[in-house]
There are 6 protein chains.
Amino acid sequence: MFSVTVRDHIMIAHSFHGASFGPAQRLHGATYLIDATFKRETLDPDNIVVDIGRAAEELHAIAADLGYRNLDDDPAFAGMNTSTEALARVIADRLAARVHAGAFGAAAHELAAIMVTLHESHIAWASYERPL
Amino acid sequence: MFSVTVRDHIMIAHSFHGASFGPAQRLHGATYLIDATFKRETLDPDNIVVDIGRAAEELHAIAADLGYRNLDDDPAFAGMNTSTEALARVIADRLAARVHAGAFGAAAHELAAIMVTLHESHIAWASYERPL
Amino acid sequence: MFSVTVRDHIMIAHSFHGASFGPAQRLHGATYLIDATFKRETLDPDNIVVDIGRAAEELHAIAADLGYRNLDDDPAFAGMNTSTEALARVIADRLAARVHAGAFGAAAHELAAIMVTLHESHIAWASYERPL
Amino acid sequence: MFSVTVRDHIMIAHSFHGASFGPAQRLHGATYLIDATFKRETLDPDNIVVDIGRAAEELHAIAADLGYRNLDDDPAFAGMNTSTEALARVIADRLAARVHAGAFGAAAHELAAIMVTLHESHIAWASYERPL
Amino acid sequence: MFSVTVRDHIMIAHSFHGASFGPAQRLHGATYLIDATFKRETLDPDNIVVDIGRAAEELHAIAADLGYRNLDDDPAFAGMNTSTEALARVIADRLAARVHAGAFGAAAHELAAIMVTLHESHIAWASYERPL
Amino acid sequence: MFSVTVRDHIMIAHSFHGASFGPAQRLHGATYLIDATFKRETLDPDNIVVDIGRAAEELHAIAADLGYRNLDDDPAFAGMNTSTEALARVIADRLAARVHAGAFGAAAHELAAIMVTLHESHIAWASYERPL
């Protein structure tokens, strides 16, 4: 299995609901380093998994849409805790939608899976992996 | 599949038995960065894999118990080489025991696996993954 | 010159005032990795710059006071942009006050300077250094 | 499953064929950080996955053979794009050949898989994993 | 003293002249992570050292001009070894010229110094610092 | 001012004397990442600060002499706490002696200073800088 990963980041505000979150129930924020990994069994005719420049652009567009915002005000996240792991799924699903929409080119239909890892600090991170 | 990882570290002394270890047969030591990863298929009602604060506390307790010691003197490791990969299993097994004992809360019974990675330097690390 | 550095982090929300900040004028947030460096010309009788455990505790107390908050609501920051460089000074000044208050022990009066570096992402960070 | 990883690096020149590579069609270069991961289900009699010193030496020999060169001039890569993912496979295959040749010792025949990750920058990396 | 640092990278080919360079006399290449640090004694009216977005754009323009090239073919480097430390000076001087040309805005005339660090691998890097 | 840095590491056992060290009074150990920085005002005729290969070899020789040992048993450290900052000075002084002995070549007599940083974990490090 091959994979290619590109990194970007977002800086957002949010708060959590539930006593177990302790002080994180207050409005606070995070820088999330986003690692988006694309997997496939074989390489395409250019000998790559995916056009890394296009992958970086697509990830950056999703990051730009999420970043510099208070996620508590985003209708897309109404009633849900925007935990690191939940946001990893949001980004993976948005990337998958872009792959299915053809944004990664024709050869990308052979992509097998997408994994997104979000680093919330130097001591904590979370991932979500899904098939394509 | 979702995962959450928390990082801690220990600083220990030990020595290895076996000619293939070369100078590491002498009493020496290591800082091990410990990355403990918890995996599950779906998120719990709080939209998380595991309470990250609780995970950090449990890992820290295990680290505190192992750290600032000469592992050669620990009866738990009598007759075994405390290699990086072997210590990764020790920590994963201790975390698994804590999960089974309920220390991570009721929702944690849906955790699927634990992976522990120990970094012994900037150029070498080892992992152990086990089901729960 | 000797130095010792300890790392901690905070997760905060804030917004900036000024057209040059672009989208960062919106309420957003950041994880700041905080590196607090203590400098002195000679080592103390224990052969150290500062008790690293005590330094970590003092930094953690300052981080706990700042973290998991919306800095826009903190009277200490009224009317000021809590830029990365400005927050570095706030933390350095609070650490200096603790040194002067004796929290780092008697030998710490020989500390020459404090530098604080705040990493806002993997591609941007800022520092402030001041004498003691 | 256990794994052990060792890191090395190479510094090479190359160019890519295909309009999608944009400016990377020009002769340029890269530092590749190489992470070679060895996996096995159980530990050997020394309680290790593989002799980490031997693994580092074998990886270093492969790196020395590839490094400080213009890959465009290497007959082994004639007519192929030496993308990060393609080079990851080259290195994994060369390591696998060394395992099969006995270079990692008798116990290494129980190795299950090799994964090689090549980091081309702080924001992009690629991997290839294969069974042994 | 305050400072702000932004990171970018380039991927280039080059070769060195001089027996002491050993195999690096051959055409090879490098990924250089570029950390550009801007220093000043006091913050500007916006409470910053420099507009971080503008600093990132200026650094990126310089990186785009240097990157994806064989530096041996660049007339700007004719007859000189493009060592990591020499390239750090090139980039620092180009940034300084942009500051003097007003590209960083009016408040930037109070910048005191620029330091550029180039990381050629995980085990080697070089810096150059100059006044403004 | 120019600088060049090379990284290596050691894995040692030791213990500390003094109540303020708490559990670190017990025999334990550390992996120290060693960053050795060489500074000079101008570049040599090869356009470098120092032969980076030679610098790496000299640092490696010092590391090999210190590593895989219990520092408590080393007569060179009798009666002293081998704190991170104290070891940084030991390594800087040994490198300086090698420079003065001519091991870095004739051009190295223009080196201005050496700084050594030892990372004991991902959250703590120490440095020592001295003139040459």
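The values are calculated or read from the model by the stated rules, or taken from the named source; none is laboratory data. Note that this is a predicted model, so its numbers are computed, not measured. Note: ideal-geometry Cβ built from the backbone for every residue, glycine included; neighbour counts use all protein chains shown. What goes into the accessible areas is simple: the full protein's heavy atoms, side chains included, and nothing from ligands, DNA or RNA. Shrake-Rupley method; radii C 1.70, N 1.55, O 1.52, S 1.80 Å.
Here is how far apart the B:Pro131 label points are across copies: 1.9, 1.9, 6.6, 6.8, 7.0 nm, shortest first, using a point 7 Å from Cα toward Cβ. Between copies, the label points of D:Ala112, set 7 Å from Cα on the Cα→Cβ line, lie 1.6, 1.6, 5.4, 5.5, 5.7 nm apart, reported in increasing order to one decimal in nanometres.
Annotation: amide H of E:Glu120 within the under-5 Å range of E:Trp125, E:Ala126, sequence separation 5 or more or interchain, hydrogens built in the peptide plane.
How high is the relative contact order of chain A? Use alpha-carbon pairs under 8 Å, at least six apart in sequence, and give a whole percent. Don't skip to the end; give the middle numbers.
Details: 241 pairs, mean separation 39.9, N = 132.
Computed value for chain A: 30 percent relative contact order.
Each residue of the stretch E:66-71 was assigned a 3J(HN,Hα) from its phi angle through the Karplus expression (A = 6.51, B = -1.76, C = 1.60, θ = phi - 60°), giving 8, x, 6, 9, 9, 4 Hz with x at Gly and Pro.
From helices alone, the protein assembly as shown scores -8000 deg cm²/dmol at 222 nm; the rule is -39500 (n - 2.57) for each run of n ≥ 4 DSSP H residues, then divide by the residue total.
Only Cα pairs under 8 Å and at least 6 apart count here; give the relative contact order of the stretch C:72-132 as a rounded whole percent.
Working: 64 pairs, mean separation 22.1, N = 61.
After rounding, I find 36 percent.
Summary for A:Glu57: label point 7 Å along Cα→Cβ; distances to the equivalent points in the other copies, ascending, 2.0, 4.8, 4.9, 4.9, 5.5 nm. Couplings 3J(HN,Hα) for the stretch C:84-99, derived from phi with the Karplus relation 6.51 cos²θ - 1.76 cosθ + 1.60 (θ = phi - 60°), are 4, 5, 5, 5, 4, 5, 4, 5, 4, 5, 5, 5, 4, 4, 5, 4 Hz, where x marks Gly and Pro.
Element breakdown for the protein assembly as shown at a 1.4 angstrom probe: carbon and sulfur atoms account for 53% of the accessible area.
Specify whether the C-alpha gyration tensor of the stretch E:74-132 places it in the rounded, prolate or oblate class, a ≥ b ≥ c being the square roots of the eigenvalues: rounded for a/c under 1.5, otherwise prolate if a/b is larger than b/c and oblate if not. Taking the square roots of the gyration eigenvalues as a ≥ b ≥ c, the stretch E:74-132 is oblate. What is the protein assembly as shown by shape, rounded, prolate or oblate, if you read a ≥ b ≥ c off the alpha carbon gyration tensor as root eigenvalues and call it rounded for a/c under 1.5, prolate for a/b larger than b/c, and oblate otherwise? Since a/c stays below 1.5, the shape of the protein assembly as shown is classed as rounded.
Springs between Cα atoms under 10 Å define the GNM used for chain B, and in it the highest mean-square fluctuation of B:Ala86, B:Ala103, B:Ala24 occurs at B:Ala24.
Under the convention that each Lys and Arg Cβ holds +1 and each Asp and Glu Cβ holds -1, the size of the dipole of chain D around its Cα centre is about 240 debye. Residue of chain C with the Cβ closest to the rotation axis carrying C onto A, and that distance rounded to whole Å: C:Gly29, 1. Taken one residue at a time, the phi angles of the stretch C:48-58 give Karplus couplings (6.51, -1.76, 1.60, θ = phi - 60°) of 10, 7, 7, 5, 5, x, 5, 4, 5, 5, 5 Hz. Gly and Pro are set to x. When the alpha carbon gyration tensor of chain D is reduced to an equivalent ellipsoid, the three semi-axes, largest first, read 30, 14, 12 Å. Between F:Asp46, F:Asp93, F:Asp65, the Gaussian network model of chain F with springs among Cα atoms under 10 angstrom shows the greatest mean-square fluctuation at F:Asp46. Under 19 Å from a label point 7 Å along Cα→Cβ of B:Ala78: give me every residue in the stretch B:15-41 with its amide N that close. Hits in the stretch B:15-41 for B:Ala78 at 19 Å: B:15-17.
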